[in-house]
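Here is the structure we will look at, set down as C-alpha cells.
The values are calculated or read from the model by the stated rules, or taken from the named source; none is laboratory data. Fair warning: this is a prediction, and the values are worked out from it, not measured in the lab. FYI the Cβ positions are ideal-geometry reconstructions off the backbone, even for glycines, and counts take in every protein chain you see. Surface areas here come from the heavy atoms of the whole protein model, side chains and all, with no ligands, DNA or RNA. Shrake-Rupley method; radii C 1.70, N 1.55, O 1.52, S 1.80 Å.
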Amino acid sequence: MEETTGNTRAGIVGTIDLRAGDVTGAVDLTGKVHLLPCSIKHDGPCPVSHYFKPKPSGVLVDGLNVEEAFFRGRKLQGVTVALPEGFQGYVLGKKKVEGGKSSEAMDGDSSCWQSRAEFGNFTYWNHDTMPSKEDPILRCFHWFSIANALHKPVNAEELASTSSIDGPWPTNSVSSAKVKEVHTF
Amino acid sequence: MGSAPLPKWASEPCIMGIDEAGRGPVLGPMVYGCLYCACSYQKTLTSLNFADSKTLKEEKREELFENLKADNCIGWEVDIIDPKELSAKMLKRVKINLNEISHNSAMGLVSRVLDIGVLLTEVYVDTVGDAEKYRIKLTERFPGIKFVVAKKADSLYPVVSGASIVAKVTRDRALRDWVLDETAEDMHRNFGSGYPGDPETKAWLDYHKHPVFGFPTLVRFSWGTCTSYSKDMVEVVWESDKLDEDGSSSGKRQLKLSNVGVSGYNRKSEDVESSGKGRSKFFQARKLELITEF
C-alpha cells in the first residue's frame, strides 16, 4: 500500500493485504455477490439464500440474462456481470491485531485491511428499471481503461511526438500522478 | 379454465359476472373470478342458489363450485394475482394502487372471455372505487358491452354471486396449497384467513418476520399492517425513493414509501449511494466518488 505523497491532505497510512487470511485459502464468493439498489442498515451474517431467490426472467439485455428477485416487497431486475479481465473482487475486513482488544474497539482507528473472500463476478439489481449497459455500475468499468492510459509510463517516442506540438513536459509528470479510486456502493 | 371447445351457447348473447376475493388480506393472492352463461340461461342460474360467497360456509362454497364446474351451460375464468406482484406494483417508483390493479384484472378477464369467442353483451361487476367512473372506464375499453357496476353486486346478481364463489374458492385453495418460496427452517403454513385482524394471521406474521428480509413473499409488504412490524426490522433506504421523494400519495392501505422499514435513526442520503458530486462529468455519470477513508 502506498503512502499519500499528496500536497493537499494529511498523509493517511494504511495497508490492504490481499492474501487469503487463513491457511485454507481464499473463500470464493463468485456467483454470490449481490449489489442491491438500497442501503440495508445491517452488518452481519444473514440467511440470504433462504430468502433471496433470483429466478431467470427469460429476457436478454445486451447479451446478459436478466434475473428477477424480490426484496422487501419490491421487484428487482438484475444481471450477473464478470469483472473485467485482470481484475478480482475482494471482500475486505479490518485486520485483527495480535493480542489486541475487542474488534469493536479496533474498528474506528485501524486502517489495516485483510481479504476475507474473493469474487470474479457480481449480480447487480435495479428497482423498476431493466439493467442496461448505461447503468452507472457498468459504466464504472470504463474507468479501468482510462486509468490505465493515464498511468501508463510514457515512452520516448510518445514524448517526442507530444513535445513537438505542445512544448516541453517533464518526463514523469503523467506517470507519477497517483489516483486512487474506490467507489462506495 | 373451462372446457376446450367453445360451447354452442357461447355464440348467443351472454352475460357475465365478475367478483374478487382476497382484496383485504395482508397475505396471499388476490383472485378475480368471472362466470358467464347465455342470457337465456339466467333463470336456471337463479335456481342454482348461488349467494354472496361470504355468506356461505366453506363446504357449501366448495360444493357450489364443483356444481358450476360440471355445468356445461356455464363458463368461468380466474385471474390469480400473486402477492409478490401486488407488493411490487404498489411499491414501484410510479405506484399502481390496488384499485387500478383490480380494474386491470377485471378487464383482463373480459378480454380473455371475448378472445375465447364468447358473445358478451352484459357484464355485471362489483364495484371497486367509484362505480360510475369504473363503469365509464369499462365501457370505453369494451364499447360493445353493457356494464352494470354496483356495490354489493355479489348479493344482487346471481351471475356475480357465482363469480364470487369461483374467486373465493380459488383464493382459499391457493392459500391452502401455497408453497412458500423461502426455505428457512421452522416456517409453517398456518396463515389463518390472511385478514389483518385474524389472530392466527397475526401470530403467523409475528413468527415469520425477519429483521433483514421483512417477511416471506407471501405477505403484501405494501399493506399498512406491515408498518407495525417495522420497528423489529433493520432500516432499508432505497435509491429510488431518494430520486422521487415527492411521489404521489395514494390509497389508505398503501404505505408511504418513506415509512417502509424506517426504524429509529435516519442517515443522510449520501449513505445510499455515492454521487461523484463536485467531480468531472465522467465521474458523476458513473457515481464515482473519491474517498480517502473507508
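Observations on the model:
- Of everything in region A:41-54 that is surrounded by fewer than 18 Cβ atoms within 10 Å (Cβ to Cβ) and hydrophobic (A, V, I, L, M, F, W, C), the residue that is nearest to the other protein chains (Cβ to nearest Cβ) is A:CYS46.
- Once region A:118-156 is narrowed to residues that are β-branched (Val, Ile, Thr) and assigned to a helix (DSSP H, G or I), the residue that is least open to solvent (accessible area, probe 1.4 Å) is A:ILE137.
- Residue in region B:131-148 that is nearest to B:CYS37 (Cα to Cα), counting only those that are open to solvent by less than 20 Å² (accessible area, probe 1.4 Å) and within 20 Å of the chain's Cα centre (by Cα): B:LEU138
- Taking region B:205-244 as the range and being more than 10 Å from every other protein chain (Cβ to nearest Cβ), assigned to a loop (DSSP other than H, G, I, E, B) and closer than 22 Å to B:ALA184 by Cβ as the test, the residues that pass are B:LYS209, B:LEU218.
- Enumeration of residues in region B:197-207 that are open to solvent by 10 Å² or more (accessible area, probe 1.4 Å) and of a type outside the set (A, V, I, L, M, F, W, C): B:GLY197, B:ASP198, B:PRO199, B:GLU200, B:LYS202, B:ASP206, B:TYR207
- Of residues in region A:96-117 being within 14 Å of another protein chain (Cβ to nearest Cβ) and in a loop (DSSP other than H, G, I, E, B), the one modelled with the highest pLDDT: A:SER111
- Residues satisfying the stated conditions in region B:30-44, i.e. in contact (Cβ under 8 Å) with a residue 60 or more places away in the chain and surrounded by fewer than 24 Cβ atoms within 10 Å (Cβ to Cβ): B:CYS39, B:GLN42
- Residues of region B:58-70 that are within 27 Å of B:SER11 (Cα to Cα) and in contact (Cβ under 8 Å) with a residue 12 or more places away in the chain: B:LEU64, B:PHE65, B:ASN67, B:LEU68.
- Selection within region A:48-68 - out of contact with any Ser or Thr (no Cβ under 9 Å at 6 or more places or on another chain) and not aromatic (Phe, Trp, Tyr): A:VAL48, A:LYS55, A:PRO56, A:SER57, A:GLY58, A:VAL59, A:LEU60, A:GLY63
- B:GLY194 vs. criteria in a loop (DSSP other than H, G, I, E, B) and open to solvent by less than 20 Å² (accessible area, probe 1.4 Å): yes
- Search result, residues across region B:7-29 that are out of contact with any helix residue (DSSP H, G or I) (no Cβ under 6 Å at 6 or more places or on another chain), open to solvent by 30 Å² or more (accessible area, probe 1.4 Å) and over 14 Å from B:ASP172 (Cα atoms): B:PRO7, B:LYS8, B:TRP9, B:SER11, B:GLU12
- Qualifying residue in region B:66-86 (condition: open to solvent by 70 Å² or more (accessible area, probe 1.4 Å) and under 25 Å from B:VAL128 (Cα atoms)): yes
- Condition met for B:LEU114 (surrounded by fewer than 17 Cβ atoms within 10 Å (Cβ to Cβ), more than 22 Å from A:ARG72 (Cβ to Cβ) and of a type in the set (A, V, I, L, M)): yes
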